Every structure is written in structure tokens, then in C-alpha cells.
Amino acid sequence: MILLLTLAVLNSCSDEKKEPPPTAVGHESIGESIDPTQTDSALRNTDTYHTVVIRQMEFSPAELKVNKGDTIAWINQDITEHDITELNEEKWSSSKLPAGASWSMVVSEGADYYCSIHVVMKGKLIIE
Amino acid sequence: MKKVQNWCIALACIFISTGQVGAQNPKLSDPEVAHTAVTANQIDIGYAEIAKEKSKDKDVLKFAETMANDHRAVIEQAVALATKLGVTPMDNAVSKQLLSDAESTKKELRSKSGKDFNKAYINNEVAYHKAVIAAVEGLLIPETENTELKKLLENVVPALKTHLAHAEMVQKMVAGK
């Protein structure tokens, strides 16, 4: 990921897309707190905090089992920009995430989501 | 438009016909690989710009926007890497042939309008991405010696495959309109 080192000036989300509903799903920008070059084993994952890596046009893990109130962080380690958008009704969406940027939200319901830029990229949050 | 479908065959023929390498072991230098990769990305940006000028279909326009942005991102990374490595991308027979074929394709695209244009554009995108994937995997990556350049090309392949899947999806949408 040397290339990402040369590129990554982290810039967290702008507000050009839909905001998550304030009661159903909260979010916070954590773009400045995550090192986009860290390896999977170094990524923060606890019982209540889960990291999804976007790499080589895939969400990894693509399917994640979580509890209500858990925080999910997506980190873009890919070469292009991506976003994270609720699939069926676009209830919530991150802004466009450049390479190296990240975005997080607190989940209150299960969801299928996708990248609205690369519409074949899909992921799922399952409430346990 | 079908020229692109024979792109890989054309690549081999160019090497042989120009005498650059032997028929059984076509060879590109890393500066030539870099130039070829950048050229292939620039060509698809050119197609996207035509689509943005001529199409009113939202699915086609969205796809074209993604192609322009993603291929620009790849070029930026290739240029950054070339700068870091002190490599000057080198014009070569392959990139010249690509540009020549692209001019022909762009001329054909510009001659169409409406639904005919949408179909021609997205059909070309499907064929172009298939050809580029085959060329990157089958020729450019194996020919590259520098590990960082090889890694960049390997990282680009998933994006190209995602573009192809997206193009095929739009192709079905356009066919049904």
C-alpha cells in the first residue's frame, strides 16, 4: 500500500449527500483517526466497534453481524473513491470517500448497503 | 467498434510486425507498460466525455461519470508512481495503435445519437473493458519488472472487472429502453 501512502491526505466526509436519519442511525466522522495503511490485524475491532475495509472493489467483510448501538467504521483502502449507501431506499449515505478516508455510524437496524458509485459493490449489516 | 474486441490479438501482432520482440516472447519495457496503461485509461475518459456530451440517459451518464473519475484516479497514481521511480512513460507501438483505434471508435460514437448512441457507447464499454482486462492480466502485468508498477496494475484489475460488471448491467438497462 505504498501508493496509498503517497496519496493519502485524509479528508473526511463532506455533506453533499444525504445525512442519516438522526434517530434511526447516527454517524460520526472519524476520518482523521484511522490510519488507512494499517493491516487488517491492526484494525480496531471490539464487541461494539467493527471495521469494514473497502479494498479492491469489495467491502470486507461483506456481511457483518452486529448488535444495535454498535459502531461500524468503513475505511477506504482502495484506489478510487467510494461511498456507503443504504440499498433499498437510500435511507442513509456517507459522502464520497476518497482513497484513505473513512466514515462511521452507529447502527440501529439491519441493512443491505452498496456503493452508489460502483453499484455492483454490496454489503450487509445483520442485527443479532 | 469491433476492433476493440481483437485488442489482445492486435497487441501481439504489433510487437511482431514492428520487430520489437520475438513472436514467442513479446516484450515491453516498464516505461512502455506505464505509457500503455495511462493511454488505455485516457481513452476511456475520452469515451466518457463523449457520453456526457451526447447522452441524456441517467444510467449511461452515471456510468460515464464513474469511468471518468476512476480512470483519472488510476492515471494520477500511475503518474505519481512514475515520478517517484524516476520513470518517463515511453510512447510505443501499442499505445499508438490504441490511440489510432480509439479515434476511429470516437468518430463512430459521435456519428450516433439518442438510443443508438447509448447502445453503441455501452456496448463499446463492455467490449473495451473485456479487452483491457485480458491485456493487463495477460500481457502488461507479466511484462512488468518493477514490483511497485506491477502492484499498481494488479490493484487496477478489480476496478476494471467492477467496471465491466457495471457496464453489463447498464447494457441490459439500455437494451430494455
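Observations, loosely collected:
- Residues in segment A:44-71 that are aliphatic (A, V, I, L, M) and either modelled with pLDDT under 95 or in contact with a Pro (Cβ under 9 Å, 6 or more places away or on another chain) (or both): A:Val52, A:Val53, A:Met57.
- Matching residues in segment B:1-52 - criterion: being modelled with pLDDT under 50 and over 30 Å from B:Ala64 (Cα atoms): B:Cys13, B:Phe15, B:Ile16, B:Ser17, B:Thr18, B:Gly19, B:Gln20, B:Val21, B:Gly22, B:Ala23, B:Gln24, B:Asn25
- Exactly one residue out of B:Leu160, B:Leu164, B:Leu109, B:Leu153 is over 18 Å from A:Met121 (Cα atoms), within 14 Å of another protein chain (Cβ to nearest Cβ) and of a type in the set (A, V, I, L, M, F, W, C): that is B:Leu153.
- Yes/no for B:Glu143 being surrounded by 19 or more Cβ atoms within 10 Å (Cβ to Cβ) and over 14 Å from B:Thr66 (Cβ atoms): yes
- Annotation: A:Ile117 fulfils all but one of (1) within 17 Å of B:Thr66 (Cα to Cα); (2) modelled with pLDDT under 95; the unmet one is (2).
- Residue satisfying condition, being more than 30 Å from A:Ser60 (Cβ to Cβ), modelled with pLDDT under 95 and out of contact with any His (no Cβ under 9 Å at 6 or more places or on another chain), within set B:Lys112, B:Lys119, B:Lys177, B:Lys107: B:Lys177
- Among the residues here, A:Asp112 does not qualify as within 12 Å of another protein chain (Cβ to nearest Cβ) and either in contact (Cβ under 8 Å) with a residue 40 or more places away in the chain or within 19 Å of A:Glu63 (Cβ to Cβ) (or both).
- Residue check for B:Asn118: of a type outside the set (A, V, I, L, M), in contact with a Pro (Cβ under 9 Å, 6 or more places away or on another chain) and more than 14 Å from chain A (Cβ to nearest Cβ): no
- When B:Asn41, B:Asn69 are screened for being within 25 Å of A:Lys96 (Cβ to Cβ) and buried (at least 18 other Cβ atoms within 10 Å of the Cβ), only B:Asn41 passes.
- Screening the candidates B:Tyr121, B:Tyr128 for the property of being surrounded by 16 or more Cβ atoms within 10 Å (Cβ to Cβ) and closer than 16 Å to B:Ser55 by Cβ yields one hit, B:Tyr121.
- The set of residues in segment B:28-37 that are crowded, with 16+ Cβ neighbours inside 10 Å and either more than 14 Å from chain A (Cβ to nearest Cβ) or in contact with a strand residue (DSSP E or B) (Cβ under 6 Å, 6 or more places away or on another chain) (or both) comprises B:Leu28, B:Asp30, B:Pro31, B:Glu32, B:Val33, B:His35, B:Thr36.
- Any hit, segment B:88-100, residues being buried (at least 19 other Cβ atoms within 10 Å of the Cβ), at pLDDT below 95, over 21 Å from B:Glu154 (Cα atoms) and in contact with a helix residue (DSSP H, G or I) (Cβ under 9 Å, 6 or more places away or on another chain): yes
- Being over 12 Å from the mean Cα position of the chain (by Cα), crowded, with 20+ Cβ neighbours inside 10 Å and closer than 23 Å to A:Ala99 by Cβ is a condition met by at least one residue of segment B:45-63.
- Filter pass, B:Leu139 being within 14 Å of another protein chain (Cβ to nearest Cβ) and either assigned to a helix (DSSP H, G or I) or touching a helix residue (DSSP H, G or I) at 6+ places or on another chain (Cβ under 9 Å) (or both): no
- Annotation note: Cβ proximity below 9 Å between a residue of segment B:106-125 that is within 12 Å of B:Ala167 (Cα to Cα) and a residue that is among the aromatic types (Phe, Trp, Tyr) and surrounded by 12 or more Cβ atoms within 10 Å (Cβ to Cβ) (sequence gap 6+ or interchain) occurs for B:Tyr121/B:Tyr47; B:Tyr121/B:Phe63; B:Ile122/B:Phe63; B:Asn124/B:Tyr47; B:Glu125/B:Tyr47; B:Glu125/B:Phe63.
- A:Asn88 being at pLDDT 95 or above, exposed (fewer than 13 other Cβ atoms within 10 Å of the Cβ) and either of a type in the set (S, T, N, Q) or touching a Leu at 6+ places or on another chain (Cβ under 9 Å) (or both): yes
Residues are listed down the side, and each one gets a yes or a no for (1) within 19 Å of B:Ile45 (Cβ to Cβ); (2) of a type in the set (Ser, Thr, Tyr); (3) assigned to a helix (DSSP H, G or I):
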position	(1), (2), (3)
B:Phe63	yes, no, yes
B:Thr66	yes, yes, yes
B:Ala102	yes, no, yes
B:Lys107	yes, no, yes
B:Lys115	no, no, yes
B:Asn124	yes, no, yes
B:His166	yes, no, yes
B:Val174	no, no, yes
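The values are calculated or read from the model by the stated rules, or taken from the named source; none is laboratory data. The structure displayed is predicted, hence computed values, not measured ones. Methodologically, a virtual Cβ is constructed for each residue, glycine included, from the backbone with ideal geometry; neighbour enumeration extends over all protein chains shown.
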